[in-house]
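Below: one structure, written as structure tokens.
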Amino acid sequence: MGLYGSTYGIDLADLRRDLRGVVAAVTLGVVLKAGMISGVMVLAFDRPEYLILGIVVAQIDPLSVTALSKDGHMSQRARSLLTAWASFDDPMTVLLTLYVAGYAYTAAGRTGTPSVVGGGTTGYVLGLALNALLPAGALLAWWAGGRLWPARRSGKEPLRPRRPATPLPSS
């Protein structure tokens, strides 16, 4: 949902005209940016675990990009390129983190494989269930919020008129 929301406002015609630049920014740009920041973190702290921290810190903030885009000093091409980069930066960074995490784990001197819930079919099903809990919890909070605080048009008027509790007599 977040990816859809962040890409909804991107002008597709601008993206098609500058497809090479967008693909380069989303792939090569993300890797180079994360690599530079991670490299500095590892050199500064001399621990391979800082590879992961460097990648996570390297993410572009989509809210900052949105605020920057509203300023009239940026060209439409630059605005489209930056918005696309910011939109796809988070998913690309998550994938990059997953790929580098295994290396950082073994480079730190640990043996075996990192695991949150265990291996095998049981671990897979448990991981899938834990991942399903997040959107289910968000949906439940959204539903409960609508039930507890119904939307109002003006101060006291309900969104939908209520039906009378007893039927009106017909004449």
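Residues that are in a loop (DSSP other than H, G, I, E, B) and modelled with pLDDT of 80 or more: does segment 9-19 have at least one? So that I can check it myself, show each step before the final result.
Step one: list which residues in segment 9-19 are in a loop (DSSP other than H, G, I, E, B), which gives 9-11, 18.
Remaining after also requiring modelled with pLDDT of 80 or more: 18.
Looking through segment 9-19, at least one residue is in a loop (DSSP other than H, G, I, E, B) and modelled with pLDDT of 80 or more.
Would you point out which residue out of T66, T27 is open to solvent by 50 Å² or more (accessible area, probe 1.4 Å), out of contact with any Cys (no Cβ under 8 Å at 6 or more places or on another chain) and over 29 Å from A132 (Cα atoms)?
Being open to solvent by 50 Å² or more (accessible area, probe 1.4 Å), out of contact with any Cys (no Cβ under 8 Å at 6 or more places or on another chain) and over 29 Å from A132 (Cα atoms) holds for just one of T66, T27, which is T66.
For the subset of segment 36-49 comprising residues that are of a type outside the set (D, E, K, R) and in contact with a helix residue (DSSP H, G or I) (Cβ under 8 Å, 6 or more places away or on another chain), which member is least open to solvent (accessible area, probe 1.4 Å)? Explain how you work it out, then say what you get.
The first filter runs over segment 36-49 and keeps only residues of a type outside the set (D, E, K, R), leaving 36-45, 48.
Then drop every residue that is not in contact with a helix residue (DSSP H, G or I) (Cβ under 8 Å, 6 or more places away or on another chain), which leaves 37-42, 44, 48.
Details: I37: 58, S38: 4, G39: 29, V40: 97, M41: 37, V42: 40, A44: 74, P48: 35 Å².
Among those that are of a type outside the set (D, E, K, R) and in contact with a helix residue (DSSP H, G or I) (Cβ under 8 Å, 6 or more places away or on another chain), it is S38.
Of the residues that make up segment 140-148, is at least one open to solvent by less than 80 Å² (accessible area, probe 1.4 Å), within 29 Å of G54 (Cα to Cα) and free of Cβ contacts under 8 Å to residues at least 60 places away in the same chain?
Applying the first criterion (open to solvent by less than 80 Å² (accessible area, probe 1.4 Å)) to segment 140-148 yields 141, 144-146.
So of that shortlist, the ones also within 29 Å of G54 (Cα to Cα) come out as none.
No - not one qualifying residue is present in segment 140-148.
For a quick check of your reading of the model, give me the residue pairs whose first member lies in segment 73-96 and is open to solvent by 40 Å² or more (accessible area, probe 1.4 Å), whose second is outside any helix (DSSP H, G or I) and of a type in the set (S, T, N, Q), with beta-carbon atoms closer than 9 Å and at least 6 apart or on different chains.
D90/Q59
Regarding T93, is this residue polar (S, T, N, Q), in a helix (DSSP H, G or I) and modelled with pLDDT of 85 or more?
On the way: polar (S, T, N, Q): yes; in a helix (DSSP H, G or I): yes; modelled with pLDDT of 85 or more: yes.
Yes; evaluated as a whole, the condition is true for this residue.
The values are calculated or read from the model by the stated rules, or taken from the named source; none is laboratory data. Note that the coordinates shown come from a computational prediction; the quantities given were computed from them, not determined experimentally. Cβ: placed from backbone, ideal geometry, glycine included. Neighbour counts: every protein chain shown. Note: accessible area is taken over every heavy atom of the protein model, side chains too, but ligands, DNA and RNA are not part of it. Shrake-Rupley method; radii C 1.70, N 1.55, O 1.52, S 1.80 Å.
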